[in-house]
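Let me begin by presenting the structure, written as structure tokens, before commenting on it.
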Amino acid sequence: MAIYSHCASAKLLLLLLFLAWRADPSAATDHIVGGDLGWNPNINYSSWSHNQTFFVGDLISFRYQKHTYNVFEVNKTGYENCTMDGYAGNWTSGKDFIPLNKPQTYYFICNGFCFGGMKVSVVVRPLPTNATAPTKALAARGSAAEKSMAVRRVGDLVASLVLGVVIGLGMM
């Protein structure tokens, strides 16, 4: 009976550690524009963005048909008038990950389809004072944000594999 009790305690501890890993408040979030609908005409992206909370260090990603659509970062005037005013960036891969490095409002449009609704603005907030930022470099460089997401995904995979092995060995 004592061995069973120790195994049960170890299982519970492992499960709690796994859940704590998943609940890390400082981890960057990848916000996929439009969710399952992606970046396409005739979608209400204002509604989508108002249901999201963006923090410095998060990513916004656009999924769309390459060679048909694109993503341009513009200023508020460019956003409101569907023009290239304040052009700040251009992405065309069809699977674009854009780091949100500063607390500000970002404006994105699709050149050629903006009047069809392909535009979104997002308000990025500073990290909460009680959250620990992964690193200052995360907010400073886009590549750092992407690396952070990759490290997070590898960590999730390792944690899942360990949990799977524990369950497979009958320890849970």
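Run the quick spin-label model on Asp30 and Lys66: label points 7 Å from Cα toward the beta carbon, then report their separation in nm to one decimal. According to this spin-label approximation, the distance is 1.6 nm. Taking a point 7 Å out from the Cα of Asn44 in the direction of its Cβ, the residues of segment 95-131 whose backbone N falls within less than 16 Å of it are 117-121.
Considering only protein heavy atoms and a 1.4 Å probe, what is the carbon-and-sulfur percentage of the accessible area of segment 39-106? It is 43 percent, rounded to a whole number. Between Asp85 and Gln104, the contour length at 0.36 nm per residue exceeds the alpha carbon distance by 5.1 nm.
Taking 20 Å as the cut-off, the amide N atoms of segment 29-51 that come nearer than this to a point 7 Å along the Cα-to-beta-carbon line of Arg125 belong to 29-34, 46-51.
The values are calculated or read from the model by the stated rules, or taken from the named source; none is laboratory data. None of the values given here were measured: they were computed from a predicted structure. Cβ sites come from the backbone with ideal geometry, for glycine too, and all protein chains shown count toward neighbours. Areas reflect the complete protein model, heavy atoms only, side chains present, ligands, DNA and RNA absent. Shrake-Rupley method; radii C 1.70, N 1.55, O 1.52, S 1.80 Å.
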